[in-house]
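Down below is the structure, laid out as structure tokens.
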Amino acid sequence: MERKIAPLLEVNQWVGTWDEAAWGNNRPKPPATFYVAAISLKTLRRLSGVQPRTTEDRRAESKVAGYQRAHDEDRLSKIGRYIEYGFPLSTERGLAPTEHRELINPGWLPTSILINIIGVNEPRFRKGKSRTVDAKDLVKIVSNGGLKVLEYSDTEDVGTDKLHPLEIVDGQHRLLAADQLELPDDYQVPVVFFDNLPLSWQAYLFWVINVEPKRINTSLAFDLYPELRDQDWLKRGEAVKIYKEHRSQELVEVLWRNPASPWKDRIELFGKRVDGHVSNAAAIRSLMATFVRTWAKSVDPKDTEEFSRLGGLFGSIAGDGARYVIRWNRPEQAAFLIFCWLAVREAVESTKADWKEKLGSGINTSGIDLARHAFEGHYTLLATDQGFRAICFGFNAISQVVFDKIGLTDIEGVDEESEPTEESVLKSLKRFEDHRAVSRFVRSVATAIISGVDWRTSAAPKISNDDKIKQAQYRGSSGYKELNKATLKAAKKSLDETVRGAAEKVLEIQGWTDD
């Protein structure tokens, strides 16, 4: 039987304070060292087994039952596709790599797979029986010329009848993905080996790696995307989700940074909760759900007036005969968002709507700008995630069904400037303000929405019980739809015929005419 060797790097990570621990039978003193190596993924797969936490083994109350998760076939498929084509194709199964070669990237696996070498006569519980590794299959760490090496069997039937000599502590899906791929024999992965590490310590390692760490804050993750803006694969169409996140993040950053924006400094980039502010993640998701979506196709390709569903005003459709495309550049997209929100703020300042008056009577307005409080204060839905989504939804939906009538195509790609700098966004904003039809339409939408919806939160001071119950429907995940619906119904009562007709059409598309 042929035996092979692989060089190892011995790593000492013992800290003196660990000597103070109370080691015992149930918590044996762990080894002071572990080993690092580069191993063929195929070889590692052949030598390794997974110690799954099965119901049957746990019912047997075995002390050597496993802790691993069950295999997730979907995750295995994604990892396999990632190894072959990298990101983002690993998450976009609908895209054929042969048709999107510019999206193929390296599928590196630079993080180590954690493996334990099962010792001589060390039992493991498998399918109702206690098993050990056959002597011929044992993997050993031995000295070779003053260096440590991994010695293992080169036969194909390792562990077939008994027990695999290696067990996975962390990285089982990366390892099992090899079963789905035709990888070369020399495709290697970094591996950390522990030598006969008790299962209790394996479970401990699994816990501290996979369970204890908190997920990275979504807002912070999105905030990292600007660092990738020079990557070609981020500049693809909105069929790739990462593009939509990237473009939405960029637009949100403009809203947060631009001095003309009503949202300047009011979007929390790092996930903090501040009254009157929305989170970066919520703003991004709102844009992805509204403006940054694939454009809607018509019911009949020959009919330029009808839509089968809502799309995004900043989106487009692929294929021949694509007619619903406003070729705005990035500064123009950002400027339109700012223009819509400026119109909303102006409408709040000028409205004499009952909700605003009630909000004023419920708070001490001494020294307080009521209009500002109604727009960005503690008790207005306009300063919540649901309110941000509703305003974006309303303007996106209503504008797209009449985009040609109100002249949105008159403002597209006027300048060659494509970066949404402060100067380029302000120049685009001026063009929206100067375009009579667009300006009148946007302001009419804002006026109808602000006057026709009660924008108080259910926690507003001195709110009546009936109003509290009514406003509570806008809270939580279900609140997004209800507030979107209320926004459209308010727009349907606009004094502007174009706005009124557009809102009616959107309500029909959404199937909300009978609500």
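FYI, it's all coordinate maths here, none of it is from the lab. Everything numeric here is computed off the predicted structure, so don't read it as measured data. Here Cβ is always computed from backbone atoms with ideal geometry, including for glycine, and neighbour counts include all displayed protein chains.
Taking amide H atoms as placed 1.01 Å from N in the peptide plane, the amide H of SER279 lies under 5 Å from those of GLU268, each 5 or more residues away in sequence or on another chain. Overall, segment 3-210 carries a charge dipole of about 600 debye about its Cα centre when +1 sits on the Cβ of Lys and Arg and -1 on the Cβ of Asp and Glu, all other atoms neutral. Cβ crowding within 10 Å ranks LYS505, LYS468 as LYS468, LYS505, fewest other Cβ atoms first. Between ASP466 and GLN13, residue separation times 0.36 nm minus the direct Cα-Cα distance comes to 156.7 nm. Distances between placed amide hydrogens fall under 5 Å for VAL169 paired with LEU114, ILE115, ASN116, all partners being 5 or more residues away or on another chain. Under 14 Å from a label point set 7 Å out along the Cα-to-Cβ vector of LEU147, the amide N atoms of segment 22-40 belong to 36-39.
Cross-link pairs exceeding 32 Å in C-alpha to C-alpha distance, out of LYS244/LYS470; LYS244/LYS468; LYS356/LYS505; LYS272/LYS481, comprise LYS244/LYS470; LYS244/LYS468.
The lysines within cross-link reach of LYS136, meaning a Cα-to-Cα straight distance under 30 Å and a gap of 8 or more places when in the same chain, are LYS4, LYS29, LYS42, LYS63, LYS127, LYS148, LYS162. Shown is the FRET efficiency for HIS378 and ASP154, computed with R0 = 60 Å from the Cβ-Cβ distance and rounded to the nearest 0.05: 0.30. Each peptide in 101-113, 282-294 receives the mean, over its residues, of other Cβ atoms within 10 Å, and ordering these scores from highest gives 282-294, 101-113.
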